[in-house]
Amino acid sequence: MSSILLLHGPNLNLLGQREPAIYGSHTLADYVKVVRTLAEDRGCAVEDLQSNHEGDLVDAIHAARGRHDVIIINAGALTHYSWSVHDALGAFEGPIIEVHISNPHAREPFRRTSVVAPKATCTIVGLGLRGYEIAARVATTRSSQR
């Protein structure tokens, strides 16, 4: 069975409560459910982790090596400055899908830089829940090709 690691960075545990005009009313559980349901329907297992701590995400990426086929990551604010996440992703041999609920390019200037993007196979932005569905479709297609 193929396996996907779904990672969420800082503050994403507050989805549905934090800045609903930007992030909408869906909760983190809603996002995880969309990925899990679609992936499992396609024969892929999903492990998910949300952490407000950079090192937890780095540890999860390290542990994914040889264990998961694909990583889907929304690194939250770490997207813009976490070189440790960048380097950890560089050690992962499978596809990496960067996803963002909002469009960071249409927001504050500091959000327009992603240190995750250079390590990502693709980036999906600004599509909310639909973006996660697309990421799951891409992930299940990619993992089945390995």
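Every read-out reported here was derived from the displayed coordinates using simple, explicitly stated rules and does not represent laboratory data. Nothing here was measured: the structure is a model prediction, and the numbers come from that model. So basically every Cβ, Gly included, is an ideal-geometry build from the backbone, and we count neighbours across all protein chains shown.
Here are some notes:
- Residue among Gly131, Gly94 that is assigned to a loop (DSSP other than H, G, I, E, B), crowded, with 18+ Cβ neighbours inside 10 Å and in contact with a strand residue (DSSP E or B) (Cβ under 7 Å, 6 or more places away or on another chain): Gly94
- Checking Lys119 against (1) touching a His at 6+ places or on another chain (Cβ under 7 Å); (2) loosely packed, with under 14 Cβ neighbours inside 10 Å, the condition it does not meet: (2)
- Scanning the range 15-74 for residues that are at negative phi, in a loop (DSSP other than H, G, I, E, B) and not basic (Lys, Arg) yields Leu15, Gln17, Ser25, His26, Thr27, Ser51, Asn52, His53, His68, Asp69.
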